[in-house]
1. Give the residues of segment 240-263 that are among the basic types (Lys, Arg) and touching a helix residue (DSSP H, G or I) at 6+ places or on another chain (Cβ under 8 Å), sorted by residue number.
2. Could you go through segment 343-362 and let me know if any residue there is surrounded by fewer than 23 Cβ atoms within 10 Å (Cβ to Cβ), of a type in the set (Lys, Arg) and in contact with a Phe, Trp or Tyr (Cβ under 7 Å, 6 or more places away or on another chain).
3. In segment 517-534, what count of residues is obtained for those that are open to solvent by 30 Å² or more (accessible area, probe 1.4 Å), farther than 21 Å from CYS457 by Cβ and touching a helix residue (DSSP H, G or I) at 6+ places or on another chain (Cβ under 7 Å)?
4. Identify all residues within segment 116-140 that are open to solvent by less than 70 Å² (accessible area, probe 1.4 Å), over 16 Å from ASP100 (Cα atoms) and not in a helix (DSSP H, G or I); write none if there are none.
5. Quick check on segment 183-195. Is at least one of its residues touching a residue at least 12 places away in the same chain (Cβ under 8 Å), assigned to a helix (DSSP H, G or I) and under 23 Å from ALA343 (Cα atoms)?
6. If you take the residues of segment 221-273 that are at pLDDT 85 or above and of a type in the set (Lys, Arg), which of them is farthest from SER186 (Cα to Cα)?
7. Assuming ALA455 fulfils every condition listed in (1) in contact with a Ser or Thr (Cβ under 6 Å, 6 or more places away or on another chain); (2) farther than 30 Å from VAL280 by Cβ apart from one, which condition is it?
8. How about segment 84-115: which of its residues are of a type in the set (D, E, K, R) and surrounded by fewer than 14 Cβ atoms within 10 Å (Cβ to Cβ)?
Amino acid sequence: MAMWQPEENGLRQILQLLKESQSPDTETQRAVQQKLGELNNYPDFNNYLIFALTKLTSEDDPTRSLSGLILKNNVRAHFERFPPEVTSFIKQECLNSIGDPSALIRATIGIIITNIISKGELHNWPEVLPHLCACLDSEDYNVCEGAFGALQKICEDNAETLDNDMADRPLNVLIPKFLNFFRHQSPKIRSHAIACVNQFIISRTQALMVHIDMFIQYMMDRTQDADDTVALESCEFWLSLAEQKVCKEVLSPHIERLVPILVKGMKYSEIDIILLKGDVEEDEMIPDKESDIKPRFHKSRTHSNQKHDEGEEGDSDEGYDDDDSLSDWNLRKCSAAALDVLANVFHEEILPILLPILKETLFHNVWEVKESGILVLGAIAEGCMSGMVPHLPELIPYLISCLGDKKALVRSITCWTLSRYAHWVVGQPHDNFLKPLMTELLKRVLDGNKRVQEAACSAFATLEEEACTELVPYLAFILETLVFAFGKYQHKNLLILYDAIGTLADSVGHHLNKPEYVNMLMPPLIEKWNLLKDEDKDLFPLLECLSSVATALQSGFLPYCQPVYQRCVCLVDQTLRQNF
């Protein structure tokens with residue numbers, strides 16, 4: 001059969017269409033959609049599309065890729081109506097061009113392949129997996145990467161089909177093949193291989209379970225990969241594994257080796273420290289950049305024992321999200337989160353591995369190592385609490401002393417770790433731990449470093465929640481500090497301070513309604529209230545704070561009722577008017 005060739009005229013029309021479809025004009029877009037509808041009536045229209053994608057090197061990559069994406073939409077919409085010769089031409093072109101020099105074109109071809117397979121075509125395209133597998137061994141990087149990219153998409157979209165007895169279990173061949181690439185010299189290839197195998201953990205795939213020990217060995221090596229992206233991708237595997245019923249069973253033989261690897265990943269890297277300005281000890285006079293302040297949304301107030309959730313924007317009370325200025329998710333946070341979830345799977349069983357590590361790291365004279373030890377202690381607080389209790393009478397005083405460390409990053413992580421043990425502290429006689437902790441934590445609320453102020457304020461909010469009315473005897477001392485912070489804080493930390501004051505009001509309730517407390521607390525709050533313009537977003541956290549304070553003060557809030565109430569009515573009125 002002669003190879004299909006496009007006609008000049010047809011090709012010209014399609015190129016014209018591709019150019020027009022990149023126009024922002026809605027009229028042009030409407031015309032393009034109409035033209036697409038008409039062209040779909042021609043049996044070989046899809047041949048032109050695959051030809052433009054794989055062969056038309058005279059055009060730029062985005063135009064060629066667009067042609068492929070239109071084809072992908074056609075495959076999704078009416079693949080079953082493609083004539084057989086068109087289908088086989090598309091399949092053949094996809095496999096022949098999987099190693100295109102352009103990464104964009106390779107990725108687009110991969111998308112088309114996985115969409116064809118999703119249409120149930122694995123049994124009608126027996127050569128696709130063997131061909132892609134053979135391409136993995138190619139000396140040409142583009143061919144190997146293109147095939148791996150396609151396989152990753154196939155594994156993501158068709159995991160169940162691949163693990164089916166019907167299709168002679170392709171995974172029995174694929175999984176060992178993928179595992180071999182965990183050591184490939186290219187980080188991109190290692191990353192593809194890990195992503196492919198990760199798809200089969202969840203379903204407890206037989207083909208993977210046979211190789212599970214070898215796989216876990218590979219994964220531990222890759223979690224220490226020199227390339228950050230590969231290390232992070234591998235480290236996320238432990239997070240997803242911890243959610244599976246099989247976790248304990250498959251990890252038990254390896255946990256002794258895994259825990260130290262995760263601890264190692266929890267140390268700040270040199271680049272982290274540079275990005276975090278870790279050598280800057282005092283920065284409280286430097287105003288915040290507005291871009292550093294994340295939007296805040298109303299949410300219920302709970303600080304203690306937050307479960308780790310990757311999908312959420314990091315709250316300041318989650319220690320793995322203490323570095324807002326870094327990209328939000330990195331190896332340190334992922335390692336800490338993984339240790340946290342594994343501590344919730346293994347509980348006290350991991351303490352014999354961890355305690356010697358903690359002894360060594362917590363008292364280390366290199367501050368980065370000591371800091372990572374304090375983070376470890378916080379990460380295991382929830383999962384290993386009952387096993388940690390015998391050690392807390394000596395650990396808590398040591399941590400309280402670390403609140404005075406000369407490195408700001410050590411002081412800030414110590415605030416968080418102590419907040420993870422707040423529940424235990426509050427249950428002991430006050431003089432033993434609560435008083436010294438409160439005293440030192442309030443000093444840190446007034447620290448010269450903004451990151452420490454933030455961590456201390458969040459930790460104090462957790463302590464308030466755990467202690468509730470136990471804090472009543474110390475109210476004057478607490479309010480003195482929080483009110484002093486009003487004059488000291490830059491923009492971002494003020495928002496966290498409002499939260500700490502609101503939480504205090506929620507925790508001690510009507511005990512706050514004493515004239516001397518009201519006179520300390522209300523003037524600075526009302527001063528901020530008067531300074532803020534109606535359209536200022538900071539009104540929301542301040543309103544939340546005031547609503548808690550008003551509830552606690554009851555009649556003590558009366559003198560402030562009218563101005564606050566009046567302005568709230570105005571705000572509602574303005575907002576409604578803007579909407580109509």
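1. First, the residues of segment 240-263 that are among the basic types (Lys, Arg): 245, 248, 257.
Matches in segment 240-263: LYS248, ARG257.
2. Within segment 343-362, not a single residue is surrounded by fewer than 23 Cβ atoms within 10 Å (Cβ to Cβ), of a type in the set (Lys, Arg) and in contact with a Phe, Trp or Tyr (Cβ under 7 Å, 6 or more places away or on another chain).
3. Counting residues in segment 517-534 that are open to solvent by 30 Å² or more (accessible area, probe 1.4 Å), farther than 21 Å from CYS457 by Cβ and touching a helix residue (DSSP H, G or I) at 6+ places or on another chain (Cβ under 7 Å) gives 1.
4. LEU122, TRP125
5. no
6. Checked segment 221-273; the qualifying residue farthest from SER186 (Cα to Cα) is LYS248.
7. (2)
8. GLU85
The values are calculated or read from the model by the stated rules, or taken from the named source; none is laboratory data. Small disclaimer: the values here were computed from a predicted structure and weren't measured. Neighbour counts are summed over all protein chains in view; Cβ atoms, including those assigned to glycine, are modelled from backbone coordinates with ideal geometry. SASA here: full protein model, heavy atoms, side chains in, ligands and nucleic acids out. Shrake-Rupley method; radii C 1.70, N 1.55, O 1.52, S 1.80 Å.
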